[in-house]
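What follows is a short report on a single structure.
The values are calculated or read from the model by the stated rules, or taken from the named source; none is laboratory data. Just so it is clear, the model here is predicted, and its values are computed rather than measured. Because the Cβ atoms are built from the backbone with ideal geometry, glycine has one as well, and the counts that use them run over all protein chains shown. These area figures cover heavy atoms from the full protein model, side chains too; ligands, DNA and RNA do not enter into them. Shrake-Rupley method; radii C 1.70, N 1.55, O 1.52, S 1.80 Å.
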Amino acid sequence: MKIVLLGAPGAGKGTQAEIIARLLSIPTISTGKILLEAIKKGTAVGLRAKEYMLEGKLVPDDVIISIIKERLQEDDCKNGYVLDGVPRTIVQAEAMDELGVGIDLALSIEASDAMIIERMTGRRVCSECNSSFHISDNPPRAEGICDICGGELVKRADDDLEIVSERLSVYHEKTEPLKEYYAKQAKLKLVNSQPALEDTTKAVMDVLGI
Ligand code: AMP
């Protein structure tokens, strides 16, 4: 199955993407994670993306489109994928349609702005493997330490309140219109993000029929 996850930053796309990917044995493709990796390695893409990401702005479409084009050519994408955080604009969605990137379903995880702000400012990510935790909703077993690899958990620079507010307004302006884009293709399904992670997961599974 080829799935696009839509929703505001912090709505829980990343977490649900990992769960779906594990259950369906398909990869998760997160442009946010690919970009963070590129910044860490100091590649040309990373250097270009960094300033936008730190300000809560979208990285230019051409950068994202070339990342996605390259990534989807890899062998593990043959049986499907979960796209987490891409497309983020109509231009990206159109480019992906033109490239023949098949999408079976666009699943939007709906959350209020207040819920997003609470979640993102409490989010902590592993500086080694990028796994994501939350100080109250999904705490690691040991404070400040990644359950998966033992790496140090840090607050992402773009999870600060001011930047989160900017990212939300970018979401409403640029990304939310994708719901209508996929609704017109009869591919859109909505799920309400719930306070408890398992409840959101259950709603997602119900929609996917898995
Ligand atoms: P995320 O982890 O998906 O919230 O992405 C973190 C940041 O990476 C975003 O705030 C953007 O600056 C950038 N980014 C990730 N995916 C995209 C995309 N598809 N289009 C533009 N910018 C992106």
Enumeration of residues in segment 139-171 that are open to solvent by less than 60 Å² (accessible area, probe 1.4 Å) and touching a strand residue (DSSP E or B) at 6+ places or on another chain (Cβ under 8 Å): PRO140, GLY144, CYS146, ASP147, GLY151, LEU153, VAL154, ARG156, ASP159
Given (1) in a helix (DSSP H, G or I); (2) modelled with pLDDT of 95 or more; (3) not acidic (Asp, Glu), index of the condition VAL164 fails: (2)
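For (1) within 10 Å of the ligand (Cβ to nearest atom); (2) touching a helix residue (DSSP H, G or I) at 6+ places or on another chain (Cβ under 9 Å); (3) farther than 21 Å from GLU176 by Cβ, each residue gets a yes or a no:
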{"position": "ALA8", "(1), (2), (3)": "yes, yes, no"}
{"position": "GLY14", "(1), (2), (3)": "yes, yes, no"}
{"position": "ILE19", "(1), (2), (3)": "no, yes, yes"}
{"position": "LEU54", "(1), (2), (3)": "yes, yes, yes"}
{"position": "ARG71", "(1), (2), (3)": "no, yes, yes"}
Consider segment 24-43. How many of its residues are farther than 13 Å from GLU128 by Cα and either among the small types (Gly, Ala, Ser) or more than 15 Å from the ligand (Cβ to nearest atom) (or both)? 8
Tell me, yes or no, whether segment 74-88 has at least one residue that is within 21 Å of VAL170 (Cβ to Cβ), among the small types (Gly, Ala, Ser) and free of Cβ contacts under 8 Å to residues at least 40 places away in the same chain. no
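If the requirement is being over 12 Å from the mean Cα position of the chain (by Cα) and in contact (Cβ under 8 Å) with a residue 60 or more places away in the chain, which of these qualifies: ILE26, ILE20?
Working: ILE26 fails: in contact (Cβ under 8 Å) with a residue 60 or more places away in the chain.
The match here is ILE20.
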Which of the residues belonging to segment 80-128 are part of a helix (DSSP H, G or I), surrounded by fewer than 21 Cβ atoms within 10 Å (Cβ to Cβ), within 15 Å of the ligand (Cβ to nearest atom) and modelled with pLDDT under 95? ILE117, THR121
Looking at segment 129-152, which of its residues are assigned to a strand (DSSP E or B) and within 17 Å of GLU18 (Cα to Cα)? SER132, PHE133, HIS134, ASN138
Total residues in segment 112-138, condition free of Cβ contacts under 8 Å to residues at least 24 places away in the same chain and out of contact with any helix residue (DSSP H, G or I) (no Cβ under 8 Å at 6 or more places or on another chain): 9
